[in-house]
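The values are calculated or read from the model by the stated rules, or taken from the named source; none is laboratory data. Quick caveat, the model's predicted, so the values are computed rather than measured. Cβ coordinates were reconstructed from backbone atoms using ideal geometry, including for glycine residues, and neighbour counts include every protein chain displayed. We work out accessible area using only protein heavy atoms, side chains counted, and drop any ligands, DNA or RNA first. Shrake-Rupley method; radii C 1.70, N 1.55, O 1.52, S 1.80 Å.
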Amino acid sequence: MILHIDCNSFYASCEVSLRPELKGRPVVVANYNEAGGGIILALSKEAKALGLKRGNPVFQVKEVLQENHVVVFPANLVKYVDISRRIVSVVLELDMVTDFHRYSVDEFFAAIPPIGNRDDIVDYIAVIKEKIEHGTGIPVSCGIAPTYTLAKVATWYAKHYDGYHGICVLQKQNIKKALQGLPIGDVWGVGWRSAPKMKQMGIQTAWDFVQKPKGFVNRVFHLPGVRMWMELQGHAAIDISRPPKQQTIMHSRTFTYMIAGKEQLLTYVRDYAVAAARKLRDQHSVCQSVTVFANTNRHRDDLEQYSNSSTVRMAVATADTTTIVKAAEQAFDNFFKPYYQYKRAGVILGDIVGDEAVEQDLFLSSAETTRKQRRLMQATDDINKRFGMNHIRLASQMLHQEESGEDKNTVTFEPFRNETTDINDIIEVK
């Protein structure tokens, strides 16, 4: 049986766990922009009871926040990742599960040993749940089922129905009933774009989906859809220990404050290229094209608007950081225009293939050069993983002062402030 552990309102729960006096009070985690706005990223159940929702612009619900004394924290991914690691440590110390994987910052999968009946399984998982909540202060919901996808289904029921007390065991004889009550948009693997299309095909629930013939699923939804179709029927078809390789890798950021200076904007582009190259190596791939884009703030009608991008193709596919950064610099120079206030920029790596066999250019490189580049990159990656990302950096990566740390970056409706990294200072991977 597969165990799925999902943290409840993780960002908000992290803030409350560090400040027990906030337990039972409405708490919101949000990011901010230069106008003091931003969007809500996470909410406690008390905040949800006020009608607040994830994705609400802060300025639109400011009166609700103030009238109900909602505590608003700026998001801090560094802090949340640290608490996620503590959850991993708690589970591993118990030594009650095998094949434990942290799937995301707030989700975990594991295998549990054969246990008797449903009540015995609940009692077994209750020990793990209690240890996590007592050891970290983070409330979790647990789903247990024969496959990864069904375990996520079980967790959905554990979250939505209080009678499960946070633990739902989905056995084979109950799969049909569970899938009949699960909206197709809530199935793991169904995106917000796919759900409306599936509904147009008459697929309203997970059960409607598994009733479709395999040939239809393969023709319309291809291999990922077939795997989901099999998993929902109780047949293992996913291996999360080897996630699929990304066909494109993008690192981008919407800046807290608009940027006009070329060197400052180029510094960010270099940072994103370095991070994207590291991600590329993590999945043992190489790329042959680098795209850089930047745009101004389309919400500022009082400012001149400009948006552009450029792509540079390299002669040889590579995962070498220095080569990718040089290509990003060239792409940036191809379209940058001064005197504009830039709000967002990013780097996209394309034409990605596996690094097992890279075709060499007879005049530009050699197998020995490629091996030396890979050894150098492996050494820097190992050091950065051990001592912290960006411990070793390229000389061209200008050290810059982040805009954080000033009162203008913090919007609170209670006297609590987050004094560490804002979510806007974390590079996003999409």
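For the reader, a short list of remarks on this structure follows.
- Solvent-accessible surface ranking, highest first, for Arg227, Arg19 at 1.4 angstrom: Arg227, Arg19
- The length gained by stretching the chain between Asp119 and Phe59 to full extension, at 0.36 nm per residue less their Cα-Cα distance, is 16.9 nm.
- The simple spin-label model puts a point 7 Å past each Cα toward its Cβ; for Val220 and His165 those points are separated by 4.1 nm.
- In this calculation the C-beta distance from Val78 to Asp282 is compared with R0 = 25 Å, giving a FRET efficiency of 0.85.
- Proximal charge balance of Trp229 [Cβ under 11 Å; K/R count +1, D/E count -1]: +2
- Charge dipole of the range 89-187 (Cα centre as origin; +1 on each Lys and Arg Cβ, -1 on each Asp and Glu Cβ, all else neutral): 440 debye, rounded to the nearest 20.
- In this Cβ point-charge picture (+1 for Lys and Arg, -1 for Asp and Glu), the range 51-122 has a dipole of about 360 debye about its Cα centre.
- Given +1 at the Cβ of Lys and Arg, -1 at the Cβ of Asp and Glu and no other charges, the dipole of the range 226-357 around its Cα centre is 160 debye to the nearest 20.
- Length gained when the stretch Asn68-Asp99 is fully extended (0.36 nm per residue, less Cα-Cα span): 6.7 nm
- Pairs beyond 21 Å (Cα-Cα), from Lys172/Lys212; Lys45/Lys159; Lys23/Lys129; Lys53/Lys245: Lys53/Lys245
- Normalised by 2.2 N^0.38 Å, where N is the number of residues, the C-alpha radius of gyration of the range 138-220 stands at 1.14.
- Under a 5 Å amide H cut-off, with hydrogens placed 1.01 Å from N, Arg253 pairs with Ala345 among residues at least 5 apart or on other chains.
- Estimated at 0.36 nm per residue, the fully extended path between Ser194 and Thr311 surpasses their Cα-Cα distance by 39.2 nm.
- The accessible surface of the range 1-121, taken with every protein chain in place and a 1.4 Å probe, is 50 percent carbon and sulfur.
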